[in-house]
Amino acid sequence: MTRLNEVAPGTTVRVKGVSGNVRLLTRLSSVGIMPGSTVVVRRNDKHRPVLVFERDTLLAINREEAQHIEVEEVA
């Protein structure tokens, strides 16, 4: 399974699962990042947060948190 921090910019992905502590799961679900949601990766530089576009909102997810988000590419 691919992790969000591995996805190239411009790619549309569907969230398959999220692992991590309760704080992370709560934060991500509060902004709509949960299994089944679709996001577009806008920026994914090696030393900066991953920028994703989801439900008309641009979100910054730090690299450590992005490692806990499993995704699959949407055709």
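Just so it is clear, none of the values below were taken in a lab; they were calculated from the coordinates. None of these values were measured; they are calculated from a predicted model. With ideal geometry, Cβ positions are generated from the backbone for all residues, glycine too; neighbour counts draw on all protein chains shown.
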Positive dipole terminus of the chain, leading residue within 25, 10, 69 (C-beta point charges): 25
Dipole magnitude (debye, nearest 20) for the chain, charges at Cβ of Lys, Arg, Asp, Glu: 180
Mean Cα-pair separation over length for the chain, i.e. relative contact order, pairs under 8 Å, 6 or more apart, %: 44
Residues 63, 48 arranged by fewest to most Cβ contacts within 10 Å: 48, 63
Most fluctuating residue given options 44, 21, 62, as computed from a GNM of the chain linking Cα atoms under 10 Å: 21
Shape of the chain, Cα gyration tensor, a/c cut at 1.5: rounded
